[in-house]
Amino acid sequence: MSWSRAWAGAAPVLAVVVVAAAVAGVTAWAEVPAKLSVHGEFVDLSAYRYGGRLVLDDLPLYGSRDPATNLRFTYPPFAAVLMAPLALLPFWLATALWTAASVGALAAVVAVVGRALRGAVAGWQVALVTLGALTLEPVWQNLTFGQINLLLMLAIIIDLVRPERRWSGVLLGVVAGVKLTPLVFVVLLVLAGRRTVAGRALLAFAATVAIGFAAAPRSAITYWTDDLVKAGRVGPPELAHNQSVFGALTRLLDGPPPTSLWLAVAGPLALAVVIVGAVWWRRGDRLLGACLGAVAMLLASPISWSHHWVWAVPAGLMLWERSRWAAAAWIAVFVTRPFVWPPWGERREFGWAPFEHVPGNAYLLAALALALWAAVRLGGRRASDPSLPAVRTST
């Protein structure tokens, strides 16, 4: 393929990325970072930059709050090391670059998934689907908050869909060093028979832990011995935006459930989903397997904010190849975000009527429905069934 042809194919995607970056940069420039609040723009990115600045200044990571947002840095020390370059940039420039990277990652996920399902995908198709994906609540929440989930999803998708690569597993391990919950995918790889890739991921994860201790030893000790087990440190678990099993139980019981109860519910559910995902992965449908691994991750985590559910994008594309109606229903859930239909915030979730828990746990219920659908189809489909879209592995 000539350079001119490659440029022409990439141009629509680049246009989307550039426009998104420009809008974000102008918005951030118009904002005064010192006046940001938890309801403002790019608050999580501000907290990331604050964590990076603390590392650069050799200050404790977990004993203070970002003065611009009043938010704590809650990720492992390794994540703060990665964020350090952002702290050296003006806020507007960091926001523009971060948004460009996030939208670029979203487009790359669309391209990787499209290639897995259909083979080559035109640049204009990737750009069009990327624009459509921006209407999903988890996606636009990621962009407005300046969250990291789109970047992490791309890294995981690459390692899960293309495990034959020489360094497959390294990206997953690095991602787990930023957020621990992707370690669920290591379990998926082990059950799918990719133990070498899983081992590589664990080695990469161990390296991130070592880097964290080398860069911020006191903060690393604090994180791994204390902060790690505090689910409430990242926000009130009863908030409707927490679409996890722990969040649903907290709202049902009018308070955080006992750890034993949470583990008794979330543990078997997550394990069952990851087993189903591993079976599909072994049958050749790596994309469905990866999406189910993501569902297991979101079920298992005590906090799965709505912006963590960016996996709605590859899952929606996967469903589109199988059932337009199922895909439309799936997309409708993540566009309309029913969890905010009942009263929410300021502990009003504890006053929900029984029927309000249905829309109030919409993402969680949609994910369970997806897992159930995949489990039922296991009994009725064979690996050689021509109706199943094969995941392409050729370069």
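Which stretch or stretches of segment 124-145 have amide N atoms under 12 Å from the point lying 7 Å from ALA11's Cα along the Cα→Cβ direction?
Zone members listed by number: 124.
What FRET efficiency, computed as 1/(1 + (r/R0)^6) with R0 = 45 Å and r the Cβ-Cβ distance, is obtained for VAL18 and ALA353, rounded to the nearest 0.05?
0.45
R0 = 41 Å: FRET efficiency of TRP373 with ALA210, Cβ-based, nearest 0.05?
0.50
Given a Förster distance of 22 angstrom, what is the FRET efficiency for LEU263 paired with ARG195, based on the Cβ-Cβ distance and rounded to 0.05?
0.30
Give, as a single signed number, the net charge of other residues whose beta carbon lies under 15 Å from the beta carbon of ALA176, with Lys and Arg counted +1 and Asp and Glu -1. Provide the component values of the computation, followed by the final result.
Working: positive: LYS179, ARG200; negative: ASP159.
Around ALA176, the charge tally is +1.
Using the Kirkwood formula over every pair of different C-alpha atoms, what hydrodynamic radius in Å results for the chain? It would help to have the intermediate numbers written out before the result.
On the way: mean 1/r = 0.0462 Å⁻¹.
Result for the chain stands at 21.6 Å.
Give the average over all directions of the projected area of the C-alpha convex hull of segment 230-382, one decimal, in nm².
Working: hull surface 35.9 nm².
For the Cα atoms of segment 230-382, the hull's average projected area reads 9.0 nm².
Just subtract the alpha-carbon distance of ALA120 and THR27 from 0.36 nm times their residue separation and send over the number in nm, one decimal. Before the final figure, lay out the partial values.
Details: separation 93, 0.36 × 93 = 33.48 nm, distance 3.54 nm.
Stretched out fully, the ALA120 to THR27 stretch lengthens by 29.9 nm.
Which value in Å is the Kirkwood Rh of segment 63-214 over different Cα pairs? Write out the running numbers ahead of the final one.
Details: mean 1/r = 0.0592 Å⁻¹.
With all distinct Cα pairs of segment 63-214 included, I get 16.9 Å.
For the chain, what is the relative contact order in percent, using Cα pairs closer than 8 Å and at least 6 residues apart in sequence?
17 percent
Could you give the distance between the Cα centres of segment 278-354 and segment 124-200, to the whole Å?
One Cα centre to the other: 15 Å.
Tell me what the chain gives for mean residue ellipticity at 222 nm when only DSSP H runs of n ≥ 4 count, each as -39,500 (n - 2.57), the sum divided by the residue total, rounded to 500 deg cm²/dmol. Present the calculation step by step, with values, prior to reporting the outcome.
On the way: 18 runs with 254 residues, N = 395.
Taken over the chain, the calculation gives -21000 deg cm²/dmol.
Only the coordinates and a few stated rules stand behind these numbers; no lab work does. Note that the structure is predicted; figures quoted are calculated from it, not measured. Here Cβ is always computed from backbone atoms with ideal geometry, including for glycine, and neighbour counts include all displayed protein chains.
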